[in-house]
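Undergrad: Quick one: the structure is below, questions incoming.
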Amino acid sequence: MAMTSFAPFLELLRAKAADPGARGPIYVALGDSVTQGCMQHQVYEYELIYHQVCKRYLQQHFPGTVLHTINAGVGGDTAVRSLNRWERDVAAFRPDLITILFGHNDAHGGAAGVDAYIEAIDTQVRLAIRDTEAAVLLITPCMMMKRDNVRIADAHRELVPAFVRLAEDSVLEQYVSALRAYASSRSIALLDAYAMWEEMEARGLDIHDRLSNGINHPDGLFHLELGQRLYARLLA
């Protein structure tokens, strides 16, 4: 259904490395606060974010190339609401690669919101096919808090009960499972960030130590790991 071969995108990087006058490929990272670079309360990261990490790895792999990376992350956004900014934030840039990462805020719609979430993701994929020649890569959301913890800022204390309920009802897992099934059924490339958190738990790590705000923003080390996996996925 979607263009999931990354060969044309990589060829553009090679062409730019060989010819400075060639057009540099464009990568749009569409998502929510994780993509935007939100860390702790009122703390933002602009360089150590997964898409910027991936950009640096690609530019090192293809010396002399240029990759234009557009941060189209909006804090608090959902897959459904992001459709309203598709033309402005994605299509207008004529991207060669699009990654889509939503679910953290969508999950607050509960189990009843899973279908709308997948429908919005499907619409984004179809718009990518209609409006661009970009390869599309979906990314599952990261884990969110499961209990109260010391990393949560006082300004966010009122959010704790709602997030705990989501964890107790395994709501985010339902969104992740639905996205995995959708990507598999449509043969769309998927980078499973949530599985990376499952791997952490399996090793006995406390996932709350890897949430910069104690709630739903991964720390810089995870962004580095995700960026490395994205880089490896594109080259695989």
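Undergrad: Mind checking which residues of the range 91-132 are over 30 Å from Leu13 (Cα atoms), assigned to a helix (DSSP H, G or I) and open to solvent by 10 Å² or more (accessible area, probe 1.4 Å)?
TA: Asp106, His108, Gly109, Ala111, Ala112, Gly113, Val114, Asp115, Ala116, Ile118, Glu119
Undergrad: Restricting to the range 198-236, and then to whatever is open to solvent by less than 30 Å² (accessible area, probe 1.4 Å) and of a type in the set (Gly, Ala, Ser), can you tell me which residue is nearest to His61 (Cα to Cα)?
TA: Result: Gly227.
Undergrad: Restricting to the range 197-226, give me the number of residues that are of a type outside the set (D, E, K, R), closer than 23 Å to Leu48 by Cβ and out of contact with any Pro (no Cβ under 9 Å at 6 or more places or on another chain).
TA: Result for the range 197-226: 14.
Undergrad: From Arg210, Arg130, Arg203, which residue is among the basic types (Lys, Arg), under 24 Å from Asp89 (Cα atoms) and at pLDDT 95 or above?
TA: Sole residue among the options that is among the basic types (Lys, Arg), under 24 Å from Asp89 (Cα atoms) and at pLDDT 95 or above: Arg130.
Undergrad: When the residues of the range 126-158 are narrowed to those that are touching a helix residue (DSSP H, G or I) at 6+ places or on another chain (Cβ under 9 Å) and acidic (Asp, Glu), which ends up nearest to Val34 (Cα to Cα)?
TA: Residue satisfying both the conditions and the ranking: Asp148.
Undergrad: Restricting to the range 81-90, name every residue that is open to solvent by 70 Å² or more (accessible area, probe 1.4 Å) and under 27 Å from Arg165 (Cβ atoms).
TA: Arg81 - this is the single residue of the range 81-90 that is open to solvent by 70 Å² or more (accessible area, probe 1.4 Å) and under 27 Å from Arg165 (Cβ atoms).
Undergrad: Any residue at all in the range 37-49 that's surrounded by 18 or more Cβ atoms within 10 Å (Cβ to Cβ), hydrophobic (A, V, I, L, M, F, W, C), part of a helix (DSSP H, G or I) and modelled with pLDDT of 95 or more?
TA: Among the residues of the range 37-49, not one is surrounded by 18 or more Cβ atoms within 10 Å (Cβ to Cβ), hydrophobic (A, V, I, L, M, F, W, C), part of a helix (DSSP H, G or I) and modelled with pLDDT of 95 or more, which makes the answer no.
Undergrad: Of the conditions (1) under 21 Å from Met39 (Cα atoms); (2) open to solvent by 70 Å² or more (accessible area, probe 1.4 Å), Asp169 clears all except one; give me its number.
TA: Checking Asp169 against (1) under 21 Å from Met39 (Cα atoms); (2) open to solvent by 70 Å² or more (accessible area, probe 1.4 Å), the one that fails is (1).
The values are calculated or read from the model by the stated rules, or taken from the named source; none is laboratory data. Source: prediction; values computed, not measured. Note that each Cβ is placed from the backbone with ideal geometry, even for glycine, and that neighbours are counted across all protein chains shown. Ligands, DNA and RNA are excluded from the accessible area calculation, which covers all protein heavy atoms including side chains. Shrake-Rupley method; radii C 1.70, N 1.55, O 1.52, S 1.80 Å.
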